[in-house]
Amino acid sequence: MNITIKATKYTLTSATEASIKERLAAPLRLLGDKSETALLEIEIKQAPPEGRSSEPVRLEARLTVEGEVFYAEAVKPTPESAADRVRSELEAEIRHKRGRAHRLWRRGHAAVKDILRFGR
């Protein structure tokens, strides 16, 4: 697994960087064996203020696994809360993709079974 962090118009401390890496490494456990070849690109930047928060942070993450790309972003007051939101979005996307592939696999097997039964 390869994780890169890029900060744009934001001063990134080593503690914040470690916290973000720790939080965003969690979705990689859902990938199983594919997590070794995964590439996680994280971009953190200061977003224009929205609402009551004085310094909102925009965190974007792109996870590339064997040609598949998962993308998530969040705008929150702190980088830790943005990382939590991005983590949950990435996990949801990975689970959705895995469920869809499993459904298509079952439908394909059922179609083959129907074709084989046609001769009876």
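Name the pairs: first residue in region 70-90 and among the basic types (Lys, Arg), second residue not in a strand (DSSP E or B), Cβ to Cβ under 7 Å, at least 6 apart or on different chains?
Lys76/Pro56; Lys76/Ala82; Lys76/Arg85; Arg87/Arg23; Arg87/Leu24; Arg87/Ala26; Arg87/Pro27
Condition test on Lys45, is it in contact with a strand residue (DSSP E or B) (Cβ under 8 Å, 6 or more places away or on another chain), modelled with pLDDT of 90 or more and more than 29 Å from Ala101 (Cβ to Cβ)?
Taking the combined requirement at face value, the residue satisfies it.
Can we say Leu104 is out of contact with any Gly (no Cβ under 9 Å at 6 or more places or on another chain) and free of Cβ contacts under 8 Å to residues at least 40 places away in the same chain?
yes
Examine region 94-115 for a residue that is surrounded by fewer than 17 Cβ atoms within 10 Å (Cβ to Cβ), under 19 Å from Leu28 (Cβ atoms) and at pLDDT 85 or above, and state whether such a residue exists.
Yes - at least one qualifying residue is present in region 94-115.
May I ask you to verify whether Arg87 is among the basic types (Lys, Arg) and modelled with pLDDT under 85?
No; evaluated as a whole, the condition is false for this residue.
Yes or no: Ala101 more than 18 Å from Met1 (Cβ to Cβ) and out of contact with any His (no Cβ under 6 Å at 6 or more places or on another chain)?
yes
The values are calculated or read from the model by the stated rules, or taken from the named source; none is laboratory data. In this text the structure is predicted, and so the values were computed from the model without any measurement. Cβ sites come from the backbone with ideal geometry, for glycine too, and all protein chains shown count toward neighbours.
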